[in-house]
Each structure stands twice: as structure tokens, then as C-alpha cells.
1. Put a dot 7 Å past each Cα toward the Cβ at residue 42 and residue 150; how far apart are the dots in nm?
2. Add -39500 (n - 2.57) for each DSSP H run of 4 or more in the chain, then divide by its residues: what number comes out at 222 nm, to the nearest 500 deg cm²/dmol?
3. If I take all pairs of Cα atoms in the range 2-53, what percentage of them are more than 18 Å from each other?
4. Could you give the length gained on full extension between residue 161 and residue 180, defined as 0.36 nm per residue of separation minus the Cα-Cα distance, in nm?
5. Cα-based Rg of the range 16-111 per 2.2 N^0.38 Å, rounded to two decimals?
6. Taking only the C-alpha atoms, wrap a convex hull around the chain and report its volume per residue in Å³ as a whole number.
7. Calculate the FRET efficiency for residue 29 and residue 120 from the Cβ-Cβ distance with a Förster distance of 35 Å, rounded to the nearest 0.05.
8. With +1 on the Cβ of every Lys and Arg and -1 on the Cβ of every Asp and Glu, and nothing else charged, how large is the dipole of the range 3-194 about its Cα centre, in debye rounded to the nearest 20?
Amino acid sequence: MKTQKAENWCQCHLADQVLSQLLEKVDAEVAEKCRQEGCQYCSGHLHRADYRRKPRGLPEQDRKREEEVFRDSFCCAQEGCRKRHTPPSVRFLGRKVYWSPVVVLVSAVRHGITPQRLRALRESLGVDRRTVERWREWWLQAFARSSFWQAARARFLPPIDPKALPASLCEAFGVDRRDRLLELLKFISPVTTGSSPWSRSL
Ligand SMILES: [Zn+2]
């Protein structure tokens, strides 16, 4: 990835309020579809059982809303089933505290920029060094070995370099454009939930 350019679009995306609104809308649509489909186990009705989240690293203007952020989730209303359904998300990458664009983009530019610039970027988002290293491990281990990625990687030609994840994936998607970043976040969303029958179908 081109150093200076990558750093620029990384910072642009992370300050972009339109992006955060778009992601919220995508999550709401996916959640509504999930609710309408009903329970994947018994076809019962689903009731809302959202999780309150306090994602870090949101764009400046959104930070005051941190208290009002929820991860969509549902429980089956049927006695004896009650299974939880947490739809895939483009905002929350599993239980990670930072919202998805930060985990993707900071991990991606980590190698392309000087240590000083990486530190400045981390500090502007309040991310410590060990957190970035943990994300790196997650991409190379958990993500790269997930059944999702094992199946999905075949779609890419030329193949994605697994050792350069997620930078190689960002490059393949061309995430300097907002809509392409959104596509990437949608693409990886099956790995964002453990309780999802959807991830099994992918
Ligand atoms: Zn059910």
C-alpha cells in the first residue's frame, strides 16, 4: 500500500461521519431482515434483546453518542427455544472495543507508515500499542483460519497474501473509496457474530 496515501485515506475514513451513519443504516437493515425471518431453529417470533456497546474510535462528532450505541440482537420468543440471534455487523467486530473501521484500517496501515506516524495515529484514536498487536494476531490467526475465510479466499484473483492481512484485503477492495470500504466490512461481517446461523451458510 502506498504509504502517505494510505495514511491519508485511513484518517479520512476514521473522521467520516457519513461513513458511521451508513454503517448504522446497513446494520439496521440486516437486523430488520433477521427479525422478519424469525427464529432459524423453530420459526418463532424474535424479540429485541440488544446489547449496549460503547465503541471507541468513533468520529469526533459521534463520540457524545457513545452511550446510545447498541448492537442489534434478538431472542426467540418461543418457550423452550429462546435462542439468541445476533446478526452480522459492519460496526462491531465481535467483542472488540473499537468499532470495525478502526480495527481494519489501523491494522492495515500499521506496516506502511513510520513508527512515529503510527504512534500519532494510535494516540489520536486512543489505541495503545499492544491493542494494535493483538488485532494483528487476530487477523493472522483467528481470521485467517476461520471457516469463513478458508471458503471466501478462493474468490480473489490474484490470491490475497494471508501474511499481509488485512492490508492485502484492503488493497483488493480498493478501500480508499468509502463505498469499497463498506463492501469490505459487509464481506467480513459473517465473522462478527458467533451466534449466527448466517455465518454457517457462507
Ligand atoms: Zn426459536
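Taken together, the values in this text are just the output of simple stated rules run on the coordinates, not laboratory data. This is a predicted model, so every value here is computed, not measured. No Cβ is skipped: glycine too gets one built from the backbone with ideal geometry, and neighbour counts run over all protein chains shown.
1. Placing both labels 7 Å along Cα→Cβ, they lie 3.2 nm apart.
2. When only DSSP H runs of four or more count, the value is -13500 deg cm²/dmol.
3. 55
4. Extra length from residue 161 to residue 180 when fully extended: 4.9 nm.
5. 1.21
6. Working: hull volume 23.6 nm³, N = 202.
Spelled out: Cα convex hull of the chain, divided by residues, is 117 Å³.
7. Values: r = 36 Å, r/R0 = 1.02.
Calculated value: 0.45.
8. Result for the range 3-194 is approximately 520 debye, rounded to the nearest 20.
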